[in-house]
């Protein structure tokens, strides 16, 4: 199966999972707390089930935040693996601010080669394919295709625009997590102000932060504190194919995936590699 075929599977799986999420988003859903003290809802679980079923057709193993986590002894033997966050930004989902996404990435030999990020509420879709660039499909085009009665990924991709969509802003712009602010971020902003005439900050949730870098709306996204591979894999592919980089601050190298330790080091996303 070609990378293009696999990309089509990932896009369709992301959009379908988004519809599963919205069914629950509009109800009086309950919130449970997992063993790592993070929230989970039926929407996370429904989206995960939907994605795993769709990606099973590719015969490539799927590592999802909300499903079985295979042992490293098994995973290290796989050259290819899907890494999925079926609902990235559960805290934003619970707050009902819309800033959550579906993340699907294909990893080959420890590097992301396909990345798909879909916003169920805002209806925009970002995707990237190794050595083929990063793209965005706007909400109007996504909705038009979904309402056509004959949804086609091929038709959807025909409406995509390559990233970045614009020149980066004159003010040095840092994007930061809405739910995970830290002292290190404040220090990073203060340092930026010493080197740039004007510094702006954008706060938002989930992997949208990666998309803002790739799109040309921000210069950097520093992240200090715990994240997992499924939080970053799809976003990294989209950023890299738009000309940027995701730097692991523990190794000072681009982030790699399907590691023994699924928890990421601190990292920084930059608009230029």
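For the pair the stretch 207-273 / the stretch 76-100, the C-alpha centres are spaced 14 Å from each other. Note on the chain: with a GNM built from Cα contacts shorter than 10 Å, the maximum mean-square fluctuation among 173, 38, 204 falls on 38. Averaging Cα coordinates gives a centre for the stretch 1-75 and one for the stretch 122-183; these two points are 20 Å apart. Spacing of the modelled spin labels on residue 251 and residue 59, each 7 Å from Cα toward Cβ, amounts to 3.0 nm.
For the pair residue 33 and residue 194, the difference between a 0.36 nm per residue extended length and the Cα-Cα distance amounts to 53.9 nm.
Arrange the peptides 1-12, 83-94 so that the one whose residues have, on average, the most other Cβ atoms within 10 Å appears first. Walk me through the numbers on the way to the answer.
Numbers: 1-12: 17.0, 83-94: 25.2.
Result, highest mean Cβ count within 10 Å first: 83-94, 1-12.
Kindly identify the stretch 123-273 as rounded, prolate or oblate by the Cα gyration tensor criterion: order the square roots of the eigenvalues as a ≥ b ≥ c, call it rounded if a/c is under 1.5, otherwise compare a/b with b/c, prolate if a/b is larger, else oblate. Cα axes put the stretch 123-273 in the prolate bin. Antiparallel beta bridges, as assigned by DSSP with both residues in the stretch 88-239, represent about 75 percent of the total such bridges.
log10 I(q)/I(0), Debye, Cα-only the chain, no solvent, q = 0.07, 0.13, 0.15 Å⁻¹? Debye output, listed in q order: -0.22, -0.81, -1.11. With a Cα-only, solvent-free Debye model of the stretch 3-162, what are the log10 I(q)/I(0) values at q = 0.17, 0.18, 0.19 Å⁻¹? Taken in order of the listed q values, log10 I(q)/I(0) reads -1.01, -1.12, -1.22.
Bear in mind these aren't lab numbers, they're just calculated from the coordinates by the rules spelled out. All of these numbers come straight from a predicted model, not from anything done at the bench. In this analysis, Cβ positions are derived from the backbone assuming ideal geometry, glycine residues included, and neighbour counts consider all displayed protein chains.
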